[in-house]
Ligand code: ATP
């Protein structure tokens, strides 16, 4: 093994420490051992690659010895045709083995990238919702895209150049010792200097490379922010400012890349200068030893060929080491996300038994002195108590920021209640596997309830097996039948990024249709705050009526007109229940409700 590789193993073999703290931009360092799980699936191919490398190394190492025999044979006027033919065959075989090895290696590297992307994407989709709140989307995107790409170099030029280089170096060094130990001692002096320089500087590369990847993450976030709000930015004539801010991130990424390049630029030439020095030294000392009769010309030529085999892999190993450090920097960012515990479909507090949920009939939802605050934030809900009886409609109203959407998020268990209890049909939601809980609940969020893709894809998210006829029937129920009819593609018409090709009202009704298709006993509906025109509002009301008929409905209402006939209205104010009752009761008893109603011209 090379000195380089020895240093790597000694320093970096500690398993990646996973603190399970939820991970952030911490400085947990990952070592070579962290790569092993990524390589495990490819160990068969890697074994073949290893065998090919050994065979290739043997073919190469035999060449100087054959050359020496050819030269010695020529000086002794012996026939060398057979030796020359063997030499040519060895060169060709070595090249062919190298080609196959490189292809297999590239294939493995692509496989590692593919496996990592799949694992990372799967994990990203299962992160706790609070993680999305605190992380930037662009940064997560760049971990899946750009960081995983760097792993490819770790496998190809990194890991394998170090390992196969080590074989060549060991073989060449052994042969050189046998040929002339004195000359080998001279060689070592020069080569050791090169290695020392390379190792000292290449170790800096990992930290710098990670910083560079982080700047790329920031730049991707800036691009994502600008493109996702393209209309707002265009309307605010803020294109130049946003482009400048992306430019700042891009410049920082450039500067970070340059810092890596500077170290690499120093390491390469510095080590090659020392290695060239070693060559000159060997030529000088070797020439003197030939003149003195200590070795033959054939010995010296073979020694110099071995010196090539020694320094070429060493040069590659220096490059590979920096590649490895770059890749480990990226791996650190990947591992950091993977270390965040996934939400887990079935997680419950340890020791609690799985509670079965009663069948598919409408279920009741009960808030019992519920308190909640977002991680690190002040309390948002306090002592919230009310029950939505099974099969009835309850509306949540109140000023902006009162905590209405948060209540719905708690029912879905996007976050856990911090005080009190939330029960579905009498069962504490924390005692239910999340999957089972969510299978009983339909949820229509307030903003961006439509995904890029086709109408059909949007509908099938929650119920992949429903029939075409049912899809059309539900679309009709929410007054969207025209969407599929007016487009030549029918249900396969594109809805655009975030449903931008639909109107605001159509987006919301499409989201309701999607929730309806899963036929959930409980439906949580966060009404859009944007103003809908009278026709759209009437269509939304009809859709809600259709929904409410067969299930328990908890609806956050911004338009009182959509809730006047609710069985119960809960008025939230500052995270507390200010009043509960029907529309008629509340107009008499709740000043806040009366004020809301007055604003919307429902009462005078
Ligand atoms: P609106 O009618 O404007 O939609 P709301 O009554 O639905 O408001 P919530 O969205 O539940 O109010 O927000 C309640 C409080 O919690 C607000 O002060 C808000 O700033 C805060 N909040 C909401 N979401 C988060 C979050 N993901 N992380 C931290 N704080 C949040």
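The values are calculated or read from the model by the stated rules, or taken from the named source; none is laboratory data. Since the model is a prediction, treat every value here as computed from it, not as a measurement. Cβ atoms come from the backbone with ideal geometry, glycine included; neighbour counts cover every protein chain shown.
I'd like to check something: does the range 502-509 contain any residue that is within 16 Å of the ligand (Cβ to nearest atom), within 16 Å of residue 459 (Cα to Cα) and at pLDDT 80 or above? Scanning the range 502-509 turns up at least one residue that is within 16 Å of the ligand (Cβ to nearest atom), within 16 Å of residue 459 (Cα to Cα) and at pLDDT 80 or above. Whenever a residue of the range 400-418 is touching a residue at least 60 places away in the same chain (Cβ under 8 Å), its partners that are part of a helix (DSSP H, G or I) and surrounded by fewer than 18 Cβ atoms within 10 Å (Cβ to Cβ), lying with C-beta atoms within less than 9 angstrom and at least six residues away or across chains, give the pairs 409/129; 412/129; 414/129; 414/130; 415/129; 415/130. Kindly check whether there is at least one residue in the range 460-470 that is more than 29 Å from residue 229 (Cβ to Cβ), in a helix (DSSP H, G or I), free of Cβ contacts under 8 Å to residues at least 24 places away in the same chain and touching a helix residue (DSSP H, G or I) at 6+ places or on another chain (Cβ under 7 Å). The answer is no; no qualifying residue exists.
Within the range 535-550, residues that are at negative phi sit with their Cβ atoms under 7 Å from residues that are at pLDDT below 70, at 6+ positions apart or across chains, in these pairs: 540/532.
Yes/no matrix, rows are residues, columns are (1) modelled with pLDDT under 90; (2) more than 37 Å from the chain's Cα centre (by Cα); (3) buried (at least 21 other Cβ atoms within 10 Å of the Cβ); (4) within 14 Å of residue 394 (Cα to Cα):
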site	(1), (2), (3), (4)
518	yes, no, no, no
536	yes, yes, no, no
539	yes, yes, no, no
545	yes, yes, no, yes
557	yes, no, yes, yes
575	no, no, yes, no
582	no, yes, no, yes
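For the range 414-457, a residue qualifies if it is within 16 Å of the ligand (Cβ to nearest atom), buried (at least 20 other Cβ atoms within 10 Å of the Cβ) and part of a loop (DSSP other than H, G, I, E, B), and the qualifying residues are 417, 449. What do you reckon, is residue 277 free of Cβ contacts under 8 Å to residues at least 60 places away in the same chain and either farther than 24 Å from residue 216 by Cα or out of contact with any helix residue (DSSP H, G or I) (no Cβ under 7 Å at 6 or more places or on another chain) (or both)? Spelling it out, it is not the case that residue 277 is free of Cβ contacts under 8 Å to residues at least 60 places away in the same chain and either farther than 24 Å from residue 216 by Cα or out of contact with any helix residue (DSSP H, G or I) (no Cβ under 7 Å at 6 or more places or on another chain) (or both). Residue check: is residue 372 assigned to a strand (DSSP E or B) and surrounded by 18 or more Cβ atoms within 10 Å (Cβ to Cβ)? So residue 372 passes the test. In this structure, does residue 567 turn out to be more than 16 Å from the ligand (Cβ to nearest atom) and modelled with pLDDT of 90 or more? So residue 567 fits the description; yes.
Checking each residue in the range 475-492 for being in a loop (DSSP other than H, G, I, E, B) and under 23 Å from residue 446 (Cα atoms) picks out 478, 479, 480.
Across the range 375-401, the qualifying residues are those that are under 34 Å from the mean Cα position of the chain (by Cα) and surrounded by 18 or more Cβ atoms within 10 Å (Cβ to Cβ), and the one among them that is nearest to the ligand (Cβ to nearest atom) is 380.
For the range 34-138, the helices (runs of 4 or more DSSP H) that sit wholly inside it and include 2 or more residues that are under 22 Å from residue 341 (Cα atoms) are 36-40, 81-124, 129-134.
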